[in-house]
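Notes for the one structure printed next.
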Amino acid sequence: MKPAVIPAAGRQGGAPRRRRAAGVLLLAGAALGLAAAPAQAQEYRYWSFWDGKGGSWAYASEGPATVRPADGSVQGFRFTVSADSAAAGKPRAAADFEALCHDTPARHGSKRIGVVIDFGTAADAPGGERPPAARGECARVPEDASAGEALAAVVRPLRYDPNALLCAIGGYPKSGCAEQVSGSGGAKKPSAAASSKAADGDGGPSAGLLGGLAAVVVLGAAAVWQARRRRG
């Protein structure tokens, strides 16, 4: 008896399924490799903005022009050199409202905001400049005031670029605005929010984003493989 002949459609149907599944798995591997691959991060020298919560600092998700802190809040500004929020230097003073505003009583129609200004280290300073001593102030501002208005109430001058990016606090630094540090890589400038302006993120893919993408691709590949296996 001759061996049974497998119809052409049947012979070819399994191969495309295997190729598609293999392609998805290869895509997953590429995404994982992208997430794991080291990237040369470009560093910038800029003013970062922080929220004081429970005595500690959290990198602000908005810029000071849009954040409207409540009475009893603490806002921090730190001159730093970094490529992203994970590496940015925090204000070195504690986010302690009582220490900052104990001599400023509450008053109807206004609010009190603790403001910490850390001018950074000598290593972070532009060439030829020396960072001033850190300072902490208590700003009394209208109830609807922003964090930027609280900053302006306690220290001047403030310098902004044409895009409203905060460049200098109290005249420091004398020039420049979120400039690339010599020898760093090729990413974008810090986001306006990170650099103390109201805006969204910097648009560059973070390791977390790439890792999440890789996980989605891997899960999708597994689902496709299982579904095709059941149908086959």
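The values are calculated or read from the model by the stated rules, or taken from the named source; none is laboratory data. For clarity, every value in this text was computed on a predicted model and none was experimentally measured. Heads up, the Cβs are rebuilt from the backbone with ideal geometry, glycines too, and the neighbour counts pull from every protein chain shown. Side chains are part of the model used for accessible areas, which takes the heavy atoms of the whole protein and leaves out ligands, DNA and RNA. Shrake-Rupley method; radii C 1.70, N 1.55, O 1.52, S 1.80 Å.
Would you mind classifying the stretch 96-173 by shape? Square roots of the alpha carbon gyration tensor eigenvalues, ordered a ≥ b ≥ c; an a/c under 1.5 is rounded, otherwise it is prolate if a/b is larger than b/c and oblate if not. Note, shape of the stretch 96-173 comes out oblate. Per-residue surface analysis assigns S73 an accessible area of about 30 Å², computed on protein heavy atoms at 1.4 Å probe radius. Note on A41 and A87: the extension gain reaches 15.5 nm, defined as 0.36 nm multiplied by sequence separation minus the Cα-Cα distance. Computed from the C-beta positions of T104 and E179, the FRET efficiency with R₀ = 45 Å rounds to 0.80.
For the stretch 62-180, the fraction of 1.4 Å probe accessible surface lying on carbon and sulfur atoms is 48 percent. Its Cα centre serving as origin, the stretch 48-175 has a Cβ charge dipole (Lys and Arg +1, Asp and Glu -1) of approximately 240 debye. Were the residues from R135 through Y160 laid out at 0.36 nm apart, the gain over their Cα-Cα distance would be 7.0 nm.
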